[in-house]
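For reference, the structure is listed below as structure tokens.
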Amino acid sequence: MSKVLLVHAKGGPPLGHVLSRTAAKAEVHLLALSALPPAVAGSARRLCASVVTPAGAHRSDLVSLIVARAEAVGADAVLTFSEYAVVAVAEACEALGLAGAGGASALARDKRLMRRTWQRHGLPQPEFRPVGTEADLHAAARSLPGPLLLKAAWSAGSTAHQIIRSPHEVSAAWARSRDVMAESAQLGYAELHVAEADADYVVEQIVTGTASDWFDEPGWGDYVSVEGVVANGTFHPVCLSGRMPTVEPFTERASITPALLARDAQDRIVDLARRAVDALGLRDCGTHTEIKLGADGSMWLIETAARFGGAMTVPQIEEVFGLDLVGMLVDHLLGHPVAWPEQVLTPAQARGAAGSLVVLAVDGHGRAWPVRKVWDFHAVSADITLSPGSRLSVVDESSLADGSVVPVYDPAAGANTMAALCLLSAADARTVLRDFETLVDALPRVLPAAQPEEVSA
């Protein structure tokens, strides 16, 4: 039986989903760079031939660590689904002579390199400047048309995003972004391979999105993601996922598969995603490309990742289109033939719809809940009426335990302040969107109020 070394770190699809699909294709050896979620620790040890958690002293050279472990278990493929380990795994695969994202993987990780690459290829994106110091940021703020968005170059999940509306906000934005990156690193949400990655930033013009020019009904966000894969250097688009509007500054609230777009609009979006992925020169990996939608058919590239979309994107695709992307990628990396979709899948081919909702302590208008609440999925499922046939579940490994106080939403920390991740299945994407709106409105009403001693604890 073929052997796979799976490198686990924070982020990406739920580990339980990834492990079960990988174990169905090969003998799995798990290299855990982050602690295993308690909800899947038991099943991980049942599904894996070995589970190794390296001590900190042995992680200074991550590529060498991955190579050594792959050689020790005789791995025929090495892969990760975490943004924070993508570059290290790609470089390890290069050293081992195994299929992987390739030497260009950093172009799909470092937002400065990504934007420079797309700039050379003439692809549409916001105006930007790389920044490494507060002085750089002041200079960029003088030269770029505002408002601006400051991003950490190696961040994920909208972490450390800061909107700058006037020059006098530059210093505070710079300090806050650096503080949040340090806090995120303590939580394990940080680049694992590149030294001092927390010092690298990019600032860009905030472009104006217009969802109404693309969607027939209100409620959709003004950006989409194109999910796909690169196999032997060829990009294969799989489908599009839509969004609800983000929470300020740009924290994602919900992803919905499929996106309800007309075929010609979908084709234009996929064409831009293809050009973006091709420009980066990736070789063998999943891809997740986010695109901002503007008026009169205008589009701007947000970013591309050399891995599948995180949260529940992959399980949503499996439910809606019947494609086990994890298993298909494992097969491909092992050299087995895989029948990737010949063209991007459309809503007409979907079997219902599915979406994932990030529970944040803000209402539908992005305003903070007036009272601290306790997370209680039983109360949510029992007291909120959804559409007939809709099914709601909670992703345990990505959620706080029932009885935990819901964190106060921190715009700079993004998804780091989420309370839970919920999955909803319904008859169609419109129903998922409407049910999510119902959930967002009802959560502060049905969740129990936190007691003062719980909040202080």
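The values are calculated or read from the model by the stated rules, or taken from the named source; none is laboratory data. Note that the structure is predicted; figures quoted are calculated from it, not measured. When we count neighbours, we look across all protein chains shown, and the Cβ atoms used for this are built from the backbone with ideal geometry, even at glycine.
Restricting Lys10, Lys3, Lys25 to those that are surrounded by fewer than 24 Cβ atoms within 10 Å (Cβ to Cβ) and modelled with pLDDT under 95 reduces the list to Lys10.
Per-residue answers, yes or no, for (1) within 19 Å of Val238 (Cα to Cα); (2) surrounded by 20 or more Cβ atoms within 10 Å (Cβ to Cβ); (3) of a type in the set (D, E, K, R):
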position	(1), (2), (3)
Ser298	no, no, no
Arg307	yes, yes, yes
Gly310	yes, yes, no
Thr313	yes, yes, no
Gly322	yes, no, no
His332	yes, yes, no
Gly352	yes, no, no
Asp363	no, no, yes
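Checked against (1) outside any strand (DSSP E or B); (2) surrounded by fewer than 22 Cβ atoms within 10 Å (Cβ to Cβ); (3) touching a strand residue (DSSP E or B) at 6+ places or on another chain (Cβ under 7 Å), Ile66 passes all but a single condition, namely (2). Within the stretch 402-457, the residues that satisfy the criterion of being in a helix (DSSP H, G or I), over 16 Å from Gly364 (Cβ atoms) and either among the β-branched types (Val, Ile, Thr) or modelled with pLDDT under 95 (or both) are Gly414, Ala415, Asn416, Thr417, Thr431, Pro452, Glu453, Glu454, Val455, Ser456. The set of residues in the stretch 303-352 being among the acidic types (Asp, Glu), under 22 Å from the mean Cα position of the chain (by Cα) and in a loop (DSSP other than H, G, I, E, B) consists of Asp324 alone. Sub-7 Å Cβ pairs linking a first residue in the stretch 177-200 that is assigned to a helix (DSSP H, G or I) to a second residue that is of a type in the set (Ser, Thr, Tyr), at least 6 apart or interchain, are Ser177/Tyr201; Val180/Thr159; Met181/Ser155; Ser184/Thr159, ordered by first then second residue.
Anything in the stretch 40-63 that is part of a helix (DSSP H, G or I) and modelled with pLDDT under 90? List them, or say none. Talk me through it step by step, then tell me what you get.
Residues of the stretch 40-63 that are part of a helix (DSSP H, G or I), as a first pass: 40-47, 56-58, 62-63.
Once the filter is applied, which keeps residues that are part of a helix (DSSP H, G or I) and modelled with pLDDT under 90, the stretch 40-63 yields Gly56, Ala57, His58.
Count of the stretch 69-114 residues, restricted to those that are of a type outside the set (A, V, I, L, M), assigned to a helix (DSSP H, G or I) and surrounded by 24 or more Cβ atoms within 10 Å (Cβ to Cβ), is 4.
Thr117 passes every criterion in (1) without any contact (Cβ under 8 Å) to a residue 12 or more places away in the chain; (2) assigned to a helix (DSSP H, G or I) apart from (1).
Residue under question is Leu345, and the condition is that it be surrounded by 20 or more Cβ atoms within 10 Å (Cβ to Cβ) and either among the charged types (D, E, K, R) or closer than 29 Å to Arg109 by Cβ (or both); does it hold?
yes
For Ala41, the conditions (1) more than 13 Å from Val330 (Cβ to Cβ); (2) surrounded by fewer than 22 Cβ atoms within 10 Å (Cβ to Cβ); (3) touching a helix residue (DSSP H, G or I) at 6+ places or on another chain (Cβ under 9 Å); (4) not polar (S, T, N, Q) all hold with the exception of (3). Across the stretch 416-438, not a single residue is classified as in contact with a helix residue (DSSP H, G or I) (Cβ under 9 Å, 6 or more places away or on another chain) and β-branched (Val, Ile, Thr). Within this structure, Ala185 fails the test of being under 19 Å from Lys111 (Cβ atoms), under 21 Å from the mean Cα position of the chain (by Cα) and either crowded, with 22+ Cβ neighbours inside 10 Å or modelled with pLDDT of 95 or more (or both). Kindly indicate whether any position in the stretch 15-29 is part of a helix (DSSP H, G or I), farther than 28 Å from Ser184 by Cβ and free of Cβ contacts under 8 Å to residues at least 12 places away in the same chain. Looking for residues that are part of a helix (DSSP H, G or I), farther than 28 Å from Ser184 by Cβ and free of Cβ contacts under 8 Å to residues at least 12 places away in the same chain, one finds none in the stretch 15-29, hence no.
Of all residues being surrounded by 15 or more Cβ atoms within 10 Å (Cβ to Cβ) and not aliphatic (A, V, I, L, M) in the stretch 147-163, which is farthest from the chain's Cα centre (by Cα)? Just the residue, please. Explain how you work it out, then say what you get.
At the first step, the residues of the stretch 147-163 found to be surrounded by 15 or more Cβ atoms within 10 Å (Cβ to Cβ) are 148-163.
Right, trim to not aliphatic (A, V, I, L, M) and you get 151, 154-155, 157-159, 161-162.
Values: Lys151: 15, Trp154: 13, Ser155: 11, Gly157: 6, Ser158: 9, Thr159: 11, His161: 15, Gln162: 18 Å.
Residue satisfying both the conditions and the ranking: Gln162.
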